[in-house]
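The values are calculated or read from the model by the stated rules, or taken from the named source; none is laboratory data. This one's a predicted model, so the numbers in the text were calculated from it and none came from an experiment. We place every Cβ from the backbone using ideal geometry, glycine too, and count neighbours over all the protein chains shown.
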Amino acid sequence: MKLFYLTAMAVAFCYTTKAQDLSSTLHVSAGTTVTVSSGTKISTEEVNLKSTSDSFACLFLNGDLDASTVVNYDRYVNVIGISGENGGNDLISLPVKTVADATFADFLTYTDGLNANLTIIPNSPSLPTLFAFGPYNNTNQSYTNYNSVTDAGVILKRGVGYRAASYSGQTVRFTGTVSKVSETVEISTTNNAWNSIGNPYPTFIDSQAFLSANSAVLDPNAVAIYAYNNGADTDIGAGTFGNFTIINGLTETVVNIAPGQAFLVANDPADPTNIISFTTAMRTYEGTDDFILGRATNQNQMLRLQVENGTDDFATEIYYNANSTLGLDPGYDAILYNGVGYNLLVYSHLVENNLGKNMAIQSLGFDNQNDVSIPLGLKAAQGQQITFSIEASTLPSEIEVYLEDTQANTFTLLNTNTYSVTTNTAISGTGRFYLRVENSSLSTIDLISESLQIVASEQTLFINGALLADTEVLIYDIQGRLVMSSLLKEASDRNIIDAASLSQGIYVVKLNNEEQQQIKKVIFK
């Protein structure tokens, strides 16, 4: 990104060289930042800030503009979506605004000299006064489309997020002044906690600084920014879930919020209303895109589990770090955005203190990478073949991830296999599928715990240690098929199982009773 710092000396330079005639118009191209230093005053009729789909002009205003200077921001807006398909549309906010109240009718008349906004924003063929522009209504849990007749006098506000679209991926114009003060916007919980808000400055704002300043008023299950990414070929990769990218303390931490970019947050339900604050300290010139294109993220100790049905796919993520626990970790864990219906979903529930929240992201501690069972939720229609797989992982090689299907009584090592099941009935909820995470090696003697041992030697399985109840032993092959079972009596402390009928290879042994449950991988030679 090109950076220009305007001081008193720099302005004089511009005048003398005619590099930019500030007496008329200052044009700032996409990807360029102009910083007006404190104590400097710029006199020009207009400042025009430009943007493209992935590049944005920034005006970092610490000094002053002449009172008569008009600032225009030509903000790129995504092409309108097609009914029944993901993608299209955008969430935007006002990067500049007039000192007086700006109405929807005013906004439609703003023009770049060639096209007014009313010719760029699509309207309904059946009702030409209804435009693809309006805020999120959390009472109705839907977006509003403003009518140029009945909503002409509606006031547009800084800090509020609006859904918008253009006919072919064009820019719409915002006209007004630049805010140099903190801006606030109210969020609430009515029928649901989701609210659309947006960046009120013509600069990027630091996403982590925003979350730090506002974490106390956000839902503890969703201390995150939910950024609409349009779902078009971006619903893969860490941090993306359907049409949304989640920015929190773990995912997409380097992504900042572009000028005029809106997003969703969830209000803390403990209070019916709260105040979100944007401060000038959050401003930064660092950033590139507006969530639509996505970017790489720092995948540190992460597992991304995907389900797909041949036409659709969805994913959920499990993270491990030094600061998380088996319970809720605000700022690290994040619930799934439930404002949009999906035909296929996968999510997790918290391992401890589970309140039934559907988590898109669940974080655990590094010490939870062994003998931990994570409940999974699935939404799938009847008659579909659903396939589970590991889409991405940065877990150490010794961490093994198993998928347990309690209904089919199968146990599949996902590190090396996928698992498919055909839904005889529609599935919605938790209770059938679990992720089991184990830290093990391929040695022929594996310690399960201090009290129990599994020893595989030749074609024999030894179970050593006191059993606290009658115990079922299940042996699965590497494809997750149950190939042998046995029942061991309570209080026995040395048991031998003859596995001569099994071929040489890798197997998964599961011990289960009312008091103990252990899983281990062994090799029969």
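Some observations on this one:
- Of the residues making up segment 319-365, just one is among the hydroxyl-bearing types (Ser, Thr, Tyr) and in contact with a helix residue (DSSP H, G or I) (Cβ under 7 Å, 6 or more places away or on another chain), namely 320.
- Screening 169, 249 for residues that are outside the structural domain of residue 394 (by the TED database) and either in contact with a helix residue (DSSP H, G or I) (Cβ under 9 Å, 6 or more places away or on another chain) or farther than 17 Å from residue 74 by Cα (or both) leaves exactly one candidate, 249.
- Scanning segment 139-168 for residues that are surrounded by fewer than 14 Cβ atoms within 10 Å (Cβ to Cβ) and either in contact (Cβ under 8 Å) with a residue 60 or more places away in the chain or in contact with a Phe, Trp or Tyr (Cβ under 9 Å, 6 or more places away or on another chain) (or both) yields a total of 4.
- Any hit, segment 64-76, residues being under 23 Å from the mean Cα position of the chain (by Cα) and hydroxyl-bearing (Ser, Thr, Tyr): yes
- Residues in segment 155-191 that are within 23 Å of the chain's Cα centre (by Cα), closer than 26 Å to residue 61 by Cα and assigned to a strand (DSSP E or B): 160, 162, 185, 186.
- Among residues that are within 16 Å of residue 265 (Cβ to Cβ) and assigned to a loop (DSSP other than H, G, I, E, B), residue 220 is included.
- Failed item in (1) closer than 25 Å to residue 36 by Cβ; (2) modelled with pLDDT under 95, with residue 201 passing the rest: (2)
- Residue in segment 495-517 that is surrounded by the fewest Cβ atoms within 10 Å (Cβ to Cβ), counting only those that are at pLDDT below 80 and in a strand (DSSP E or B): 505
- Residues considered: 184, 189, 171, 175. Of these, the only one that is within 25 Å of residue 248 (Cβ to Cβ), buried (at least 19 other Cβ atoms within 10 Å of the Cβ) and of a type in the set (S, T, N, Q) is 189.
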